[in-house]
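The values are calculated or read from the model by the stated rules, or taken from the named source; none is laboratory data. Because the structure is predicted, anything quoted here is derived from the model rather than measured. Quick reminder, even Gly has a Cβ in these numbers, built from the backbone with ideal geometry, and neighbours come from all protein chains shown. Accessible surface areas use protein heavy atoms only, side chains included; no ligands, DNA or RNA. Shrake-Rupley method; radii C 1.70, N 1.55, O 1.52, S 1.80 Å.
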Amino acid sequence: TQRAAPPSMKVSLVPGKARVDYVGETPPGQKRGSYVIIDAEKGDFIMVSPEDKAAVIMDPAALGGALNAISATKLVKMEVSDVSASVNKVGPGEKILGRATTRYRVTRDYKMDVAVLGRHNRTTHHEDGEWWIANEKFLEDRVFEAWAKNFTGRIAGATGDSFKKLMDAEAQMPRGIMMKMVTTSTDTDDKGKVQTQTLAMEMQD
């Protein structure tokens, strides 16, 4: 069986913004040549389709307002509990693109309860991964961190302190330029059904 080539992305960074172009295969639902712009200051996520001469802007303030409206109806409710995260330094990692790295073992756990019209879907989430972080800074790497903080911060009111709990756990993660990551996530629902997926990423150029 021939396996599909993993997706590749080209990331262009300027102060406060990032542009992500897809190299090779384009994600499902997006046309060839499409790209994403991330505005760290506003927290916006903009999907651009040059072929259609159109852009879809995910505005966190508008999204937060919509989620708050839904939450106010009591039709949908989300709660995150038992959040924990741990980071352990394994030691020196291999050189990647000629740059020395430090290898970390990272775990994250939480429980999520989503209630829709009174029917609950309870899931236990566990992540177990290894991260290779560059020992020196060689490009601007704060854009994605600032964007995540601003985006989630502006919609957090819709779900109580659920997003805050996850962001507090995120604050414990290693800082620096990620050269490589391999993470396995397992989600188990209240009926015992298990779903597992592995995500791998490596900087190649």
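Take Glu94, Glu136 and sort them by solvent-accessible surface of the protein heavy atoms, 1.4 Å probe, largest at the top. List each step's numbers first, then the result.
Working: Glu94 85, Glu136 105 Å².
So, going from the largest accessible area down, we get Glu136, Glu94.
Label-point separation (nm) for Asp113 and Ala54, each offset 7 Å from Cα along Cα-to-Cβ?
If labels sit at Asp113 and Ala54, their model points lie 4.0 nm apart.
Using 1/(1 + (r/R0)^6) with R0 = 30 angstrom and r between the beta carbons of Leu75 and Gln197, what's the FRET efficiency to the nearest 0.05? Mind showing how you got there, number by number?
Numbers: r = 29 Å, r/R0 = 0.97.
Efficiency for this residue pair is about 0.55.
Quick check on packing: order 77-90, 173-186 by the mean number of other C-beta atoms within 10 Å, highest mean leading. Kindly include the intermediate steps, with their values, before the conclusion.
Working: 77-90: 13.9, 173-186: 16.1.
The most tightly packed comes first, giving 173-186, 77-90.
With each label point set 7 Å from Cα along the Cα-Cβ vector, what nm distance links Arg105 and Ala62?
Going from the Arg105 label point to the Ala62 one covers 4.6 nm.
Between Gln30 and Val14, what length comes free when the chain is fully extended (0.36 nm per residue of separation minus the Cα-Cα distance, one decimal in nm)?
On the way: separation 16, 0.36 × 16 = 5.76 nm, distance 2.43 nm.
Length gained between Gln30 and Val14: 3.3 nm.
Can you compute the modelled spin-label distance between Thr124 and Glu145, with each label point 7 Å from Cα toward Cβ, in nm?
Modelled inter-label distance: 3.3 nm.
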